[in-house]
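Q: If you scroll down you'll find the structure; I have some questions about it.
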Amino acid sequence: QPENISEQQMKLIQDVYENTNRLSKLNQSLLLLSKIENCQFHETQSIKLKELIENKLNEFEDRITFKSIHLASTFSSKDEMVINMHPQLADILLSNIIGNAIKHTINKGEIIIELKNNSLAVSNSGTPLEVPSEKLFERFQKGTSVSESVGLGLSIVKQICDTYNFHVNYRYANGIHTISVTF
């Protein structure tokens, strides 16, 4: 480790570091997809969706605040919606959907989360997709070319939904993206 590193050398080190992190994320995502496809998540638990969503929003609070996102949520006033699934997959499902909404919401935009009638809808304000919407849940597809994403988050969401016979859907209208899951 030389004491005097040039700016060019520092840039090369930074590029190597960023690419290594990207490859690590790619590897972890592909391993997760493989485990889901091979049914390696056997145990299920009763998951209270409202509680898990609130926990996810607390985890993402800094990112929401940083982008000055207005957050609105509507939860059914009926009984607590509970689904049976592997707790890690439930966590990943919500992390990917909510995290995606935060990542792609414009600064000072809006995210709306609705949980009712056995379904979850997460909507966010944002620019139109650069890929056809029917390809959005395919591997290595990204909604925008500028995204730092590896393009596997929504394919993981789709695989989890397929595993539990949930229905996942995407729509875009009037500047609002919506991903909904029917349980």
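The values are calculated or read from the model by the stated rules, or taken from the named source; none is laboratory data. Just so it is clear, the model here is predicted, and its values are computed rather than measured. Here the Cβ positions follow ideal geometry from the backbone for every residue, glycine too, while neighbour counts run over all protein chains shown. The accessibility values were calculated without ligands, DNA or RNA, using every heavy atom of the protein model including side chains. Shrake-Rupley method; radii C 1.70, N 1.55, O 1.52, S 1.80 Å.
Q: Mind listing whichever residues of the stretch 45-71 are open to solvent by less than 80 Å² (accessible area, probe 1.4 Å), at pLDDT 95 or above and over 17 Å from the mean Cα position of the chain (by Cα)?
A: Scanning the stretch 45-71 gives a single hit, S68.
Q: Tell me yes or no: at least one residue of the stretch 18-41 is in contact with a Ser or Thr (Cβ under 9 Å, 6 or more places away or on another chain) and surrounded by fewer than 10 Cβ atoms within 10 Å (Cβ to Cβ).
A: Checked against the condition, which is being in contact with a Ser or Thr (Cβ under 9 Å, 6 or more places away or on another chain) and surrounded by fewer than 10 Cβ atoms within 10 Å (Cβ to Cβ), the stretch 18-41 yields at least one hit.
Q: Are there any pairs, at least 6 apart or on different chains, whose C-beta atoms fall under 8 Å, with the first in the stretch 36-62 and part of a loop (DSSP other than H, G, I, E, B) and the second surrounded by 10 or more Cβ atoms within 10 Å (Cβ to Cβ) and aliphatic (A, V, I, L, M), and if so, which?
A: From residues that are part of a loop (DSSP other than H, G, I, E, B), the pairs are F41/L89; T44/M85; F60/I98; F60/I102.
Q: Then there's this: For the stretch 78-85, does any single residue satisfy the condition of being touching a residue at least 12 places away in the same chain (Cβ under 8 Å), assigned to a helix (DSSP H, G or I), open to solvent by 40 Å² or more (accessible area, probe 1.4 Å) and among the charged types (D, E, K, R)?
A: Among the residues of the stretch 78-85, not one is touching a residue at least 12 places away in the same chain (Cβ under 8 Å), assigned to a helix (DSSP H, G or I), open to solvent by 40 Å² or more (accessible area, probe 1.4 Å) and among the charged types (D, E, K, R), which makes the answer no.
Q: Another question, if that's okay. Out of the residues in the stretch 86-124 that are outside any strand (DSSP E or B), among the β-branched types (V, I, T) and within 26 Å of S46 (Cβ to Cβ), which is most open to solvent (accessible area, probe 1.4 Å)?
A: Filtering the stretch 86-124 down to residues outside any strand (DSSP E or B) leaves 86-109, 117-118.
Next, from what is left, pick out any that are among the β-branched types (V, I, T): 92, 97-98, 102, 105-106.
Still in the list and also within 26 Å of S46 (Cβ to Cβ): 92, 97-98.
Details: I92: 27, I97: 5, I98: 3 Å².
Ranking the qualifying residues of the stretch 86-124, first place goes to I92.
Q: Further question on the same structure: Would you pick out the residues in the stretch 154-183 that are at pLDDT below 95, open to solvent by 40 Å² or more (accessible area, probe 1.4 Å) and aliphatic (A, V, I, L, M)?
A: The answer is A173, and nothing else.
Q: Give the residues of the stretch 125-153 that are closer than 24 Å to Q40 by Cβ, modelled with pLDDT of 75 or more and not small (G, A, S), sorted by residue number.
A: Across the stretch 125-153, the qualifying residues are F137, E138, L152.
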